[in-house]
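Notes follow once the structure below has been shown.
Each value in this text was obtained by applying a stated rule to the coordinates, not by laboratory testing. Keep in mind that this is a model prediction, so the values were computed, not measured. Note that each Cβ is placed from the backbone with ideal geometry, even for glycine, and that neighbours are counted across all protein chains shown.
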Amino acid sequence: MSRSAPASRRTAKTEYIETDTGNKISRRAHIEGKQNIMLGGKTVIMSGVHLRGDLCRKPEPAADGEKEKTSVTAISIGRSTIIATNSIIRPPNRLHKGQMTYIPMRIGDNVFIGPNCHISSASISNHVHVGANSVLSSLCIIKEGSKVLPGTVVPPNMTIPAGRRWWGG
Amino acid sequence: MATKSKRRLSNTTTTAPNLSAPSANCKLHSTAIIADKAQLTGAHGIEIGEGTFVHPYARIDAEFGRVVIGRGCIVSEKAVVGSRVSRGVDGGEDEGVVVIGDGVGIEAGASVAAIRVGEHCMIEVNARVGAGAVLGRWCRVGACCVVAEGEVLEDFTVVFGDGRRRIDAVAKGREDVRDARAKAREMEIEVLRTLVADGSMRWRGG
């Protein structure tokens, strides 16, 4: 955090930082591995949100003569998505070719993720609404336009079809 | 995708927790990894075993009693390990003590105040284990489930749904399944070690 002159901190700093494409990110969000996070534009990350970009797939060792890839995407979030306060976005892990790897997760456009959610899903399509206090366990897939009601626990590896309302747990 | 103007995130800030370090009776194994932003608090002392991994923003709270975490455990972000009540065996030395066995996974947002959590237990997202509870080996507390204060769970219990219990017969009957699960935990830690930097020096008094 850039600590500028303490006297003017209150007035000069707003809660949100706005990027060139219109993403708004709270200064109170806890973001790890920001080089591995892609935001689509006009996305809002509210305060207390944890984004675990550091949990990424390890780049494969570069073959001879090739330039080594420096960054991989761990979390990609589409346009106009809102991630409300205190949610945790954490890429899932699984065994892949005999190795434990973190799977990159995708969140689509116009998604709303309510406060205090835990998201470890493999992918969330466009226009999905996730209610408050929900837990989307590792590698679940939420298809387009579905609505997960507040307090739902979605078990690991589950797919929720498009356009459904889903609750329970 | 190519038409989308995606920008990599920059200029975001995170504040490191501003906490006083627990006193010198911390025993952290040299191969344990404690992320820079993890919080270790309390004067009663914290013991962390070999190869255990503590994620950023996890909290280990020894304010009311000693916290002992075994080998090869994972404590995720926003999880709280430590008892907020002085409740323990005989009201004596063990008050508020929390002992976590080997290979235990504590997922994000869970809070664990149990006297004893057996080896290879799994405490899932936002689960709560009340003070004074005792969990056997290979127990699994499902997401958002609650284990009451002072409750005793036998080995292989699974807590799921709205507080229902069952015995995990697969894990109980088959050693190969148990081995595979333990192996997966080990592999996860191995990967995490390469991804997250160790910040435990500040707790080791180094």
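A compact table of results
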| item | result |
| --- | --- |
| Highest-MSF residue in chain A out of A:Asn126, A:Asn157, A:Asn110 [GNM, Cα springs under 10 Å] | A:Asn157 |
| Theoretical FRET efficiency, 1/(1+(r/R0)^6), r = Cβ-Cβ of B:Glu63 and B:Thr31, R0 30 Å, to 0.05 | 0.70 |
| Sorted by Cβ density within 10 Å, fewest first, the residues B:Glu188, A:Glu15 | A:Glu15, B:Glu188 |
| Full-stretch length increase - A:Gln35, A:Trp167 - with 0.36 nm per residue and alpha-carbon distance subtracted | 44.1 nm |
| Gyration tensor verdict on the stretch A:15-156 (Cα atoms; rounded if a/c is under 1.5, prolate if a/b is larger than b/c, oblate otherwise) | oblate |
| Sequence of A:Met105, B:Met201 once ranked by neighbouring C-beta atoms within 10 Å, starting from the fewest | B:Met201, A:Met105 |
| Test item: A:19-32 mean partner chain Cβ contacts at 10 Å | 4 |
| Cα→Cβ-extended label distance, 7 Å offset, between A:Leu149 and A:Lys58, nm | 4.4 |
| Residues A:Tyr16, A:Tyr102, sorted so that the one with the fewest Cβ neighbours within 10 Å comes first | A:Tyr16, A:Tyr102 |
| Under 22 Å between alpha carbons - lysine pairs in chain A that sit 8 or more apart or on different chains | 15 |
| Whole-Hz ³J(HN,Hα) from phi, Karplus 6.51 cos²θ - 1.76 cosθ + 1.60, for the stretch A:42-51, glycine and proline x | 6, 8, 10, 10, 8, 5, x, 6, 9, 10 |
| Formal net charge of residues neighbouring A:Glu15 (Cβ-Cβ distance under 10 Å; K, R +1; D, E -1) | +4 |
| Between the stretch A:75-123 and the stretch B:111-185, the Cα center-to-center distance that results, in Å | 26 |
| Gain in span if fully extended, B:Glu186 to B:Arg174, counting 0.36 nm per residue against the direct Cα distance | 2.4 nm |
